[in-house]
1. When residues of the stretch 151-176 are filtered for being small (G, A, S) and either open to solvent by 20 Å² or more (accessible area, probe 1.4 Å) or more than 21 Å from R129 (Cβ to Cβ) (or both), how many remain?
2. In this structure, is F109 closer than 17 Å to V74 by Cα and buried (at least 18 other Cβ atoms within 10 Å of the Cβ)?
3. Within the stretch 81-92, identify whether any single residue is in contact with a helix residue (DSSP H, G or I) (Cβ under 7 Å, 6 or more places away or on another chain) and open to solvent by 10 Å² or more (accessible area, probe 1.4 Å), and answer yes or no.
Amino acid sequence: MIVNNVAVTMFLRRSSQVLNPLKSTAFTSPFLSRAHRLGPSDDEMYQRTTVSVMQKEPGAGAMIYSYSSRGFNVDGNRVVGPCALLPPAILQWNVGSYMDITVESMALFHMLEPRIEVLVLGTGGRSERIDPKVLAYMKSKGIAVEVQDTPNACATFNFLSSERRVVAAGLIPPPISTEL
């Protein structure tokens, strides 16, 4: 009978732990529970987050520092005449004016890997209309085209590039000079 009393006592202890979850080891162990519960007054302290950027991240893309009637300053490199800024390179672009922008002159922009998301076209001192066939062709290739005067195109390219977007630019020098 003594063995049965011991067995019954152990059974009752275990069943009381199962039936009373607050006394289970998960709630009584200091390693498995929080020491402090957050209250409404603590909420404001845990919502604020600040970030401080110490330096420009490497690989953020090319930046246009200035432009003149002769060309562009891209990351310290002087580029003379119209240029194509592509994610891996800076190339001379064989166009004389916005009227020379054709489907053939745009071919290098859609052949790139990785595919560019946005092509920014700078048409010189003024925003000029590009042939609708050219715009439709680029749209069929899945590339958004933004046509602007060159000063605004430089600023748009810098902004998109700083956001780490896959962006390219086709730029024709404007008749005036400015540092960005």
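The values are calculated or read from the model by the stated rules, or taken from the named source; none is laboratory data. Note that the coordinates shown come from a computational prediction; the quantities given were computed from them, not determined experimentally. Virtual Cβ from ideal backbone geometry, glycine too; neighbours counted across all protein chains shown. The area values use the complete protein model at the heavy-atom level, side chains included, leaving out ligands, DNA and RNA. Shrake-Rupley method; radii C 1.70, N 1.55, O 1.52, S 1.80 Å.
1. First, pick out the residues of the stretch 151-176 that are small (G, A, S): 153, 155, 161-162, 168-170.
Okay, now just the ones that are also either open to solvent by 20 Å² or more (accessible area, probe 1.4 Å) or more than 21 Å from R129 (Cβ to Cβ) (or both), so 155, 161-162.
The qualifying residues number 3.
2. Values: closer than 17 Å to V74 by Cα: no; buried (at least 18 other Cβ atoms within 10 Å of the Cβ): yes.
Considered against the rule, which asks whether it is closer than 17 Å to V74 by Cα and buried (at least 18 other Cβ atoms within 10 Å of the Cβ), F109 comes out as no.
3. Step one: of the stretch 81-92, the residues in contact with a helix residue (DSSP H, G or I) (Cβ under 7 Å, 6 or more places away or on another chain) are 84-85.
Narrowing further to those that are open to solvent by 10 Å² or more (accessible area, probe 1.4 Å): none.
Looking for residues that are in contact with a helix residue (DSSP H, G or I) (Cβ under 7 Å, 6 or more places away or on another chain) and open to solvent by 10 Å² or more (accessible area, probe 1.4 Å), one finds none in the stretch 81-92, hence no.
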